[in-house]
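Worksheet for the structure shown next.
The values are calculated or read from the model by the stated rules, or taken from the named source; none is laboratory data. The model shown is predicted, which means the values in this text are computed figures rather than measured ones. For neighbour counting, all protein chains shown are included, and Cβ atoms are generated from backbone atoms with ideal geometry for every residue, glycine included. Protein only, heavy atoms only, side chains kept; ligands, DNA and RNA dropped before computing areas. Shrake-Rupley method; radii C 1.70, N 1.55, O 1.52, S 1.80 Å.
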Amino acid sequence: TASQIFIKNPSCVAYTYDDIIMMPGHINFGLNDVDISTKLTKNISLKVPFVSSPMDTVTEHKMAISMALQGGIGIIHSNFTAEDQADQVRKVKRFENGFITDPICLCPNSTVADVIKIKEEHGYSGIPITDTGKMGGKLMGLVSSRDITFITDTSMQIKEIMTPREKLSVAKKGVDLHDANEILKETKKGKLPVVNENDELVSLIARTDLLKNSEFAQSSKDPVTKQLLVGAAIGTRPEDRDRAAKLVEAGVDVIVVDSSQGDSVYQLEIVKHLKETHPKLQVIAGNVVTPSQAIHLIQAGADGLRVGMGIGSICTTQEVCAVGRAQASAVFHVAKFARKYGVPILADGGIKSTGHITKALSLGASCVMMGSMLAGTDEAPGEYFYQDGVRLKRYRGMGSIEAMSKGSEKRYVWENNSAHSIKVAQGVSGAVQDKGTLLRYIPYLVQGVRHGMQDAGVKSLDETWEKLYSDKLRFEIRSPAAQKEGGVHGLHSYQKRLF
Ligand code: XMP
């Protein structure tokens, strides 16, 4: 059992996910009966226990929107100015399924060349024209590919060729997707502008999006405003208080105080400040790997704890600083301790498969935070590129020299005046393989976890933890040979398809 492995552990060995394996239980329920709903913090519940990491190659607004739509949540990284990070939060908060709330616009004096440029860069050409050339301006018309097909003079102004406002079908703010779909069918246009009572553009609906929009019954939403939930990371420096205030104003639901060693006076002070200044805000503190670190943050008012040190796929913290802990041990010990205070924990980093997610949850984590698993998806920041014929996206540690030079140094250095100090990297920069869209990947991860829980004979996370702490959930340590045996072996070659 977990208590034999982690507590009555005379050899003082720390274990990680690959070291342990779960014993099968009795199955008397179907796969789809497995309930993986959980808590992220004291006050935030999620239907899916997945969180995307605040890293600049993982979570910006697109990732956060997709995670929340599918029942998890994304934490926007802080390698942005405070204003830009707050703007990312606003984009998630404004998001309505099927409505484009930040469309690219042009103004009547823009030229055909501008339309061609947008088409080349972004692939679309149904562009709303407003008096300011921006979203929120008065709607003046719409230009589409058809309007520019036969035009050779690219300096021609758009007002000469656009469909003007009086000939446009529009929808009024508040329209639902079903009615918008009906209008689009009638007008046979590709785009439908949505305007407010002053005829200002508030969003745009695209026919192509309507076709691919499905319902997201699981989505993580504020029960009152119905807006998607989103988190954002901040550091522990004095200026991060101001950053937090801007994020709160933008509507952020949870702030993650991002630090590789969370048990510092700097972090305790900022956690206390956040809880006093923004009483409704949920605050996740960390990172920690021991109960003695956790207690300080719990006492400071943390609503959730992030667990993991030096175990992420891009981390070199254990190598460089000689400090950290194997992740299964860290998760088990901190979760068991924090449970007494009703504080959920987030197992952060080191997740390489659905089996690792199931193990993290079964050792007491309420959610898992993932970096490399979610990097390389369509929704992660950055462009795909090819190397040796393989399609890749960049993924880098926030402690890599490249990321630290963009601001994330604050996660690793607790010094008020670090401007001239020598940089010590605690992470690397690399690339991961293309995984396609999260819309297919997250359902695969969810189903993988359900399979694992079903095999272990547990129908919900609450049942898992009840069995874990009463020693009814059984684990064993795998010898190195057993670990080898548990992976693919003995084949000359094979192909691995995930789904
Ligand atoms: P995975 O394994 O999911 O890990 O890719 C993501 C987590 O790793 C942490 N992180 C770092 N840790 N140096 C570190 O020691 C780094 O440069 C670094 N960047 C990210 C972070 O906790 C993240 O969620």
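Here Lys275 is the anchor, and the aspartates and glutamates within straight C-alpha reach of less than 19 Å, apart from those fewer than 8 places off in the same chain, are Glu239, Asp240, Asp242, Glu249, Asp253, Asp258, Asp263, Asp303.
Loop-located chymotrypsin sites (Phe, Trp or Tyr not before Pro) across the range 321-350 with a Cβ neighbour count of 16 or fewer within 10 Å are Tyr341, with loop assigned by DSSP.
Computed from the alpha carbon positions, the gyration tensor of the chain leads to an equivalent ellipsoid with semi-axes of 44, 26, 22 Å, biggest first.
Note on the range 1-126: Lys pairs 8 or more places apart or on different chains, Cα atoms under 23 Å apart, count 12. Compute the label zone of Phe385 within the range 314-337: residues whose backbone N is under 20 Å from the point 7 Å along Cα-to-Cβ. Output list for this probe position: 314.
Placing pseudo-labels 7 Å out from each Cα toward the beta carbon at Glu186 and Lys340 gives an inter-label distance of 6.6 nm. The residues packed around Gln483, meaning those with a beta-carbon under 14 Å from its beta-carbon, carry a net charge of 0 if Lys and Arg are +1 and Asp and Glu are -1. Once C-alpha pairs closer than 8 Å and six or more residues apart are averaged by separation and normalised to the residue number of the range 20-118, the relative contact order reads 17 percent.
Computed over the range 362-471, relative contact order equals 32 percent, with contacts defined as Cα pairs under 8 Å that lie 6+ residues apart. Which is the longest run of the chain containing none of the GluC sites (Glu not before Pro) found in DSSP loop states (not H, G, I, E, B) with at most 15 other C-beta atoms within 10 Å? Result for the longest clean stretch: 1-196.
The trypsin sites (Lys or Arg not before Pro) of the range 297-375 meeting both criteria, a DSSP state outside H, G, I, E and B (loop) and at most 14 other C-beta atoms within 10 angstrom of the site's C-beta, are Lys340, Lys352.
How much net charge surrounds Gly30 when only other residues with a Cβ under 14 Å from its Cβ are counted (Lys, Arg +1; Asp, Glu -1)? Here the count lands on -1. Relative contact order, whole percent, for the chain stands at 21, derived from Cα pairs under 8 Å and 6 or more residues apart. Could you please state how large a percent of the accessible area of the range 172-233 is carbon and sulfur, counting protein chains only and using a 1.4 Å probe? Carbon-and-sulfur percentage of accessible area, whole number: 50. Distances between every pair of Cα atoms in the range 376-449, grouped in 5 Å steps from 0 to the bin holding the largest one, split as 3, 15, 18, 15, 14, 14, 11, 6, 4, 1 percent. Estimated at the nearest 10 Å², the accessible area of Met404 is 10 Å² with a 1.4 Å probe.
Beta bridges from DSSP with both residues in the range 110-269: antiparallel share about 70 percent, rounded to the nearest 5. Volume per residue of the convex hull around the Cα atoms, evaluated for the range 342-487, comes out as 187 Å³. Placing a pseudo-label 7 Å from each Cα along the Cα-to-Cβ vector at Met23 and Thr81 gives an inter-label distance of 6.0 nm. Angle of helix 82-94 to the longest C-alpha principal axis of the chain, folded into 0 to 90 degrees and rounded to 10: 80°. DSSP assigns beta bridges within the chain; of those with both partners inside it, close to 50 percent run antiparallel. All Cα-Cα separations within the range 159-310 were binned at 10 Å from zero, giving a P(r) of 10, 28, 20, 16, 17, 9, 1, each value a whole percent of the pairs. Taking the accessible area of the range 302-379, probe 1.4 Å, and keeping the other protein chains in place, the carbon and sulfur fraction comes to 49%. Here the range 1-154 has 52 percent of its accessible surface on carbon and sulfur atoms, given a 1.4 Å probe and all protein chains in place. Just the C-alpha atoms of the range 79-235: what Rg/Rh do they give, with Rh taken as the Kirkwood radius? Checking Rg against Rh, the ratio lands at 1.00.
Under 17 Å from a label point set 7 Å out along the Cα-to-Cβ vector of Lys42, the amide N atoms of the range 246-287 belong to 253-257, 268-286. Accessible surface area normalised per residue over the chain is 47 Å², counting heavy atoms of protein chains with a 1.4 Å rolling probe.
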